[in-house]
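Note sheet for the following structure.
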């Protein structure tokens, strides 16, 4: 199937309302399907643990209850391999060292 022009289904997890609205607006400006949540628990309830239609996850790390890394670990344990973009003020190199099975890339904006 030709992927050019395909709309992506993007999950976006961010507990900061201002940042969530801003990034949602940016992603939707590229005419993508964006599903926004302020915590992983609501996302899990909405999708019933079926993420087969998802192409990309954009996630914060620090969130109440289940954090972004815990959710990403859960996705990987359940066999989901779609790409993940992490939004964080932490150094990705430290996250990689502490979470080698997540296959994180080192992209940092300072």
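We did not get these values from a lab; they are worked out from the coordinates using the rules stated. Computed from a prediction, not measured in an experiment: that's the story for all the values here. Neighbour counts are summed over all protein chains in view; Cβ atoms, including those assigned to glycine, are modelled from backbone coordinates with ideal geometry.
Below, the figures for the structure above:
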| read-out | value |
| --- | --- |
| Highest average packing first - 22-32, 71-81, 53-63, Cβ atoms within 10 Å | 53-63, 71-81, 22-32 |
| At R0 = 35 Å, FRET efficiency that the Cβ-Cβ distance of residue 30 and residue 98 yields, to 0.05 | 0.65 |
| Taking the C-alpha atoms of the stretch 9-102, convex hull volume expressed per residue in Å³ | 96 Å³ |
